[in-house]
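The next block holds one structure in the form of structure tokens; read it before the comments.
The values are calculated or read from the model by the stated rules, or taken from the named source; none is laboratory data. Bear in mind the structure is a predicted one, so any value in this text is a computation, not a measurement. Glycine also receives a Cβ, built like all others from the backbone with ideal geometry; neighbour counts cover every protein chain displayed. What goes into the accessible areas is simple: the full protein's heavy atoms, side chains included, and nothing from ligands, DNA or RNA. Shrake-Rupley method; radii C 1.70, N 1.55, O 1.52, S 1.80 Å.
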Amino acid sequence: MIEVCQKLKKFKIPILILCLFLVGSFILQYSILLDKNLENLAQDFSIPHQNGITYSSGNILIENQTVQDDIIIKFTASVSIVNSTLQGSIYMFNIGGLFVLQSSNITQNVVMSDISTLFVENSTIGGSIECRDDTSMELFDCHTPTTTVWKFDSANIILNGSNLATLNEFGIAGMIHIINSQISLVSLNGLPSSRTYITNSNILFLNDLVVPLNAITGPYRFSVLTFNISYSTSERIINLTWVGWDSPIIDGYLNITFEIYLDNQFYAEINGSGYYDLYSSSYQVHIPDPGKHNVSIVSIDSRGNRYTSTIIIEQISYPPFQWIPFFITIVVIAGLITGTIIWVKKKQNRGYFSSVGTIFKTELVAGKKKLLILAITSATPGIILFFSFMVITSLVGSIAIDGIRDLISMILSIYILYFGLIFSISVGAGSVANAKKNGTLSWFFSKPVRRWEFLWGKILAFMVMIVITMICVSISFVLGSIFYVDPIYFADILSIGGYIFLIGLIALLPLTAIVVFSSSVFKKVGFAYFIPIIVFMALPSIISFLPMLARSEWPLLFSFTFYFEQLGKVWISNIGGLFGSIGSYGGLLGIEITPLTLTPSTIIVIMVSLTIAFFSLATIIFQKQDIP
């Protein structure tokens, strides 16, 4: 035995290969048998797998014959059955076609799928007809009172002059046209996108389970098929627009009614019935107060089926401009100025001499051309707004108050930015530096002129220029937009004008203080010109990227434009300006940034503090500065 085993060791590799071959052959044979069994289990028994005739291509004519087998039509085959009888069923696939003509009779079923087509004229089908996928079927003058038709998916069916037992519809698209026909039962169970048209036909029983669909299409920012969409607006009257349709449409008549609900309370009813396929309409809904409100459109058909579309509207309330406190403040300031003038004149009568008024008048007279140019250029925003709104209304018919606010906010942001640069450079930057350079300052100081009086005479002149210019700018914005709003929003436009005036003052006074400070400190005019460019252009552009690095918006505290754009965001439009933090786009990069929220009162305190600080520093330094 040992010797035999030792001899077999010499053949161990061939034996191992033989064993592996036998095992592999067994596995392969088993898997083939298993696949065949699975195929048999998965076989669709509605499709014949034996004794069937298959047509795959070409044009086939069956005429004056009796066929007992099932017929399978697939690929591009086109079969015509003329005056013949088929005792089996017909199965159609791909783009196959079947034409049943001249008193032919199919005693069993017809099953269609893919994009196959069936045309039957003056013939009968004893079983049922199944139309699936994107198939098309036409029956003309077919009187088969026992036939049941099934429509699935996106199939299209035309029944003309025919008599059927039942039509069952479970489609998601496609159409059914029933013309001059009689059907015992029509059962509609599909989606509203599967349309059914019944014309001059007798339907003994109609089971309509299709909901009448509607889609909210407006306000303008909505799209079709809106479901619980949230929308923020400052409008108090919403122009609600929608479309609605239903199935079936009987004799061309759409029978549908719409109900509008505001905050789940009935608001209005609209009769949408008429001779059309699709109903579209609009209705003005008054939103009573700020906050979130839901507006619903409920479509109701003649059978009582209902469908609801809802939008959630959040009405934003921008604060109205406080005109009474504003005018009281103006009166108080005017009274203080008048009192100061009277007090100075009394002191002058006692021998006190002040040159503030003289320098103030001199500066205004010298800058009257600049002031005239600034006042004229202040009409530019209004002109841009006027023609922008003209183009928009010519294209879309009207413009909502939200669109007006947004456009005003963007144009105001640009205007203040570049106007601030032009004003500070052309008026304030060289006010003191030029006087130092050309010796005018030394000449003034050879007279009985106090240094602070010289400086504040110019400062007061600059303030008057700013006030006059911003009044013109505010009027320009109001006149450029008020002709394109509903009269109920006139008060809103006037409030925007008031806030534009305040934002201009809050933005330009600190900038003027910084420019006067730099003009007082530096002897070279170039530095005085360079400072406003740094403050208004360079720093905001650099700082706007820092929130993404700091994961917070606190670096924006060092951006001059951030402050007046925040005021515009609260008072005019919540989109803010054009030069705010682009850190808000950090979410697109997956960066969470902590927002920085400042109230208008806080911003005003900061800007007034900056104005006072820089004017005070300019006065102190100017008082102590050596001037040859």
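As an exercise, identify the trypsin sites (Lys or Arg not before Pro) in the stretch 280-373 lying in DSSP coil whose Cβ has no more than 10 other Cβ atoms within 10 Å.
Those satisfying the criteria are R350.
Can you give the FRET efficiency to the nearest 0.05 for I237 and V391, using r as the Cβ-Cβ distance and R₀ = 22 Å?
Rounded to the nearest 0.05, the efficiency is 0.40.
Roughly how many Å² is the accessible area per residue of the stretch 481-562, as a whole number, for a 1.4 Å probe?
I get 41 Å² per residue for this part.
Would you mind getting the accessible area per residue of the stretch 145-190, heavy atoms of the protein chains only, 1.4 Å probe, in Å²?
Per-residue accessible area for the stretch 145-190 comes out at 32 Å².
Quick check: residue separation of W452 and D263 times 0.36 nm, minus the Cα distance between them. What number comes out in nm?
61.7 nm
Please identify every one of the chymotrypsin sites (Phe, Trp or Tyr not before Pro) in the stretch 267-316 that sits in a loop by DSSP and has no more than 13 other beta carbons within 10 Å of its own beta carbon.
In loop regions of the stretch 267-316 (DSSP not H, G, I, E or B), the sparsely surrounded chymotrypsin sites (Phe, Trp or Tyr not before Pro) are Y275, Y276.
Give the calculated FRET efficiency between S601 and A538 to the nearest 0.05, with a Förster radius of 30 Å applied to their Cβ-Cβ distance.
The pair S601/A538 has a calculated efficiency of 0.55.
Which three semi-axes in whole Å describe the equivalent ellipsoid of the stretch 89-147, each the square root of 5 times a Cα gyration tensor eigenvalue, listed largest first?
The three semi-axes for the stretch 89-147 are 18, 12, 9 Å.
Sorting check: for 241-248, 337-344, which peptide has the highest mean count of neighbouring beta carbons within 10 Å, and how do the rest follow?
241-248, 337-344
Taking R0 as 30 Å, what's the FRET efficiency between E63 and A165 from their Cβ-Cβ distance, rounded to 0.05?
Result of the calculation: an efficiency of 0.60.
Filter the chymotrypsin sites (Phe, Trp or Tyr not before Pro) in the stretch 510-562 to those in DSSP coil with at most 15 other Cβ atoms within 10 Å of their Cβ, and list the result.
F545
Pop a pseudo-label 7 angstrom from the Cα along the beta-carbon direction at both I488 and E314 and give the gap in nm to one decimal.
Distance between label points: 2.2 nm.
Note the full-extension length gain between L191 and T76 as 0.36 nm times their separation in residues minus their Cα-Cα distance, in nm to one decimal.
That works out to 38.3 nm of additional length.
Using a 1.4 Å probe on the protein chains only, how many percent of the accessible area of the stretch 135-249 belongs to carbon and sulfur?
58 percent
Working out 0.36 nm times the residue gap between S609 and V332, then minus their Cα-Cα distance, what length gain in nm do you get to one decimal?
Gain on stretching S609 to V332: 97.7 nm.
Share of the stretch 272-394's accessible area from carbon and sulfur, percent, 1.4 Å?
That fraction is 66 percent.
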